[in-house]
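The values are calculated or read from the model by the stated rules, or taken from the named source; none is laboratory data. All of these numbers come straight from a predicted model, not from anything done at the bench. Virtual Cβ from ideal backbone geometry, glycine too; neighbours counted across all protein chains shown.
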Amino acid sequence: MFNKSYIPFNGYYSSPFCKWQGSFQNENAIELGAKTARSWLLKKNIDPTIIDYLYFGNTVAQHRIFHGHNWAAAMVVDNEKNLPGLFVHQACSTSATCIYLAALNIEAGIYDTGFALMSDRCSNGPHTIWPNPKGPGGEVISENWNMDNMNFDPNAGLKMVQTGENVAREVSATREEADAMTLRRYEQYLDALKDDRAFQKRYMMPVEIQVNRKKTIVVEADEGITPCTADGLAKLRPVEQGGIHTFGSQTHPADGNCGIIVTTKDKAKELSADKNIEVQIIAYGFARVKKGFMPAAPVPAAQMALDQAGLTMDDIKAIKTHNPFAINDLNLAKMMNIDVMKMNNYGSSLIFGHPQGPTAGRLICELIEELALIGGGYGMFAGCAAGDTGVGMIFKVS
């Protein structure tokens, strides 16, 4: 359990999430993330040089990734400070782990202010070549970074969607439940678009893209959101024969970035947009479940975080999940006795997409804002990650 780690209210941002091969497709995620973070800090009148350490979360390799963490750190402070960085890759739980690492150092008194910057681009993913001198004729091994890894976990030997179907069978989840919950998630996302996107504008940072020498565009809102209807979802075929998931009830690859300041209580108050609102990091949990059951991992991770905090689900006022498959939320609700229709207000990765590194970060931004709107309390984030792992985090807004 953490006692000294805080996030300034509104001391975080997320870019819009753009569809695969959309507006961010040609941008190096390292540069785009760092430049967006710096623009956001300056817009908030926050001196970037207050940052003592930067965690750079990225899961889809970009050009110059070897230097990516320190390159990003240098761009955030515009070389005004010799800011060190650490590269963090923990698949879909990358954001939560970056926040956790920063909080550990705040608790230990190593420094006062850390910055978690997460940026990924699933579009135009790298194609890697591995030497294979013992193969027939020395033919190389090729790997499509995104496609091959989504479709094959070398430990479980399964596609990610197949791990979802394993969990669905184990808890007897139905296609009808998956479709009904997916429709509810879409309706919740639409709530974030009401009043000219009032909720999203509480934390979302528009991003400027230089298309060519003569053309610049500003991306202000998400791209690639697929409208959902009950009839439309019912007409879709299962991705796996006999399974409950269609292309409607699973997420889609996306591009985007986000940033979160982690600091001391006094510094958080100084930097907060509203001095009367306090955001505390309470606890972190992790888990790995039996191989081939990835969407089940958030449950033990969330329970670990609750246990660390000395809380129960009755204490939790808002829940956000990374839900790449409908079964993620159906399983969490069944195992933890939660109303599945009341989780993920204002949006989730099932609907707005999954750039991987920044996904959990955006969800945590939304969790904090939702807690502020309802008058405070404890909130929980939970999500799965590649390799049958999961993470849970507890936050408190006062």
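Overview of results
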{"read-out": "For Glu270: the one exception among (1) within 18 Å of Ile46 (Cα to Cα); (2) under 22 Å from the mean Cα position of the chain (by Cα); (3) charged (D, E, K, R)", "value": "(2)"}
{"read-out": "Considering residues of the range 349-398 that are among the small types (Gly, Ala, Ser) and part of a strand (DSSP E or B) only, the residue surrounded by the fewest Cβ atoms within 10 Å (Cβ to Cβ)", "value": "Gly377"}
{"read-out": "Selection status of Asp274, touching a strand residue (DSSP E or B) at 6+ places or on another chain (Cβ under 8 Å), surrounded by fewer than 19 Cβ atoms within 10 Å (Cβ to Cβ) and at pLDDT 95 or above", "value": "no"}
{"read-out": "Criterion (closer than 22 Å to Leu350 by Cβ, under 18 Å from the mean Cα position of the chain (by Cα), of a type in the set (A, V, I, L, M, F, W, C) and not in a helix (DSSP H, G or I)) met by exactly one of Ala283, Ala287", "value": "Ala287"}
{"read-out": "Check on Arg121, surrounded by 15 or more Cβ atoms within 10 Å (Cβ to Cβ) and either closer than 30 Å to Val77 by Cβ or of a type in the set (Val, Ile, Thr) (or both)", "value": "yes"}
{"read-out": "Criterion (surrounded by fewer than 18 Cβ atoms within 10 Å (Cβ to Cβ), part of a loop (DSSP other than H, G, I, E, B), in contact (Cβ under 8 Å) with a residue 24 or more places away in the chain and of a type in the set (D, E, K, R)) met by exactly one of Glu80, Glu27", "value": "Glu80"}
{"read-out": "Test for Lys214: is it modelled with pLDDT under 95, part of a loop (DSSP other than H, G, I, E, B) and surrounded by fewer than 23 Cβ atoms within 10 Å (Cβ to Cβ)", "value": "yes"}
{"read-out": "Residue match in the range 231-239 (condition: part of a loop (DSSP other than H, G, I, E, B) and without any contact (Cβ under 8 Å) to a residue 60 or more places away in the chain)", "value": "yes"}
{"read-out": "Qualifying residue in the range 333-347 (condition: of a type in the set (D, E, K, R), surrounded by fewer than 24 Cβ atoms within 10 Å (Cβ to Cβ) and either in contact (Cβ under 8 Å) with a residue 60 or more places away in the chain or under 30 Å from Asn149 (Cβ atoms) (or both))", "value": "yes"}
{"read-out": "Of the criteria (1) outside any strand (DSSP E or B); (2) more than 30 Å from Tyr53 (Cβ to Cβ), which one Ala103 fails", "value": "(2)"}
{"read-out": "Members of the range 133-150 found to be in contact with a strand residue (DSSP E or B) (Cβ under 6 Å, 6 or more places away or on another chain) and closer than 12 Å to Val60 by Cα, listed by number", "value": "Asn144"}
{"read-out": "Arg121 touching a Phe, Trp or Tyr at 6+ places or on another chain (Cβ under 7 Å) and either within 30 Å of Thr49 (Cα to Cα) or in the same structural domain as Ala326 (by TED's automatic domain parsing) (or both)", "value": "yes"}
{"read-out": "Enumeration of residues in the range 308-343 that are part of a strand (DSSP E or B) and either at pLDDT below 95 or not polar (S, T, N, Q) (or both)", "value": "Ile316, Lys317, Ala318, Ile319, Lys320, His322, Phe325"}
{"read-out": "Residue check, Ala96 touching a residue at least 24 places away in the same chain (Cβ under 8 Å) and part of a helix (DSSP H, G or I)", "value": "yes"}
{"read-out": "Residues located in the range 31-65, provided they are β-branched (Val, Ile, Thr) and free of Cβ contacts under 8 Å to residues at least 12 places away in the same chain", "value": "none"}
{"read-out": "Filtered residue count, the range 357-398, keeping only those that are under 16 Å from the mean Cα position of the chain (by Cα) and among the aromatic types (Phe, Trp, Tyr)", "value": "2"}
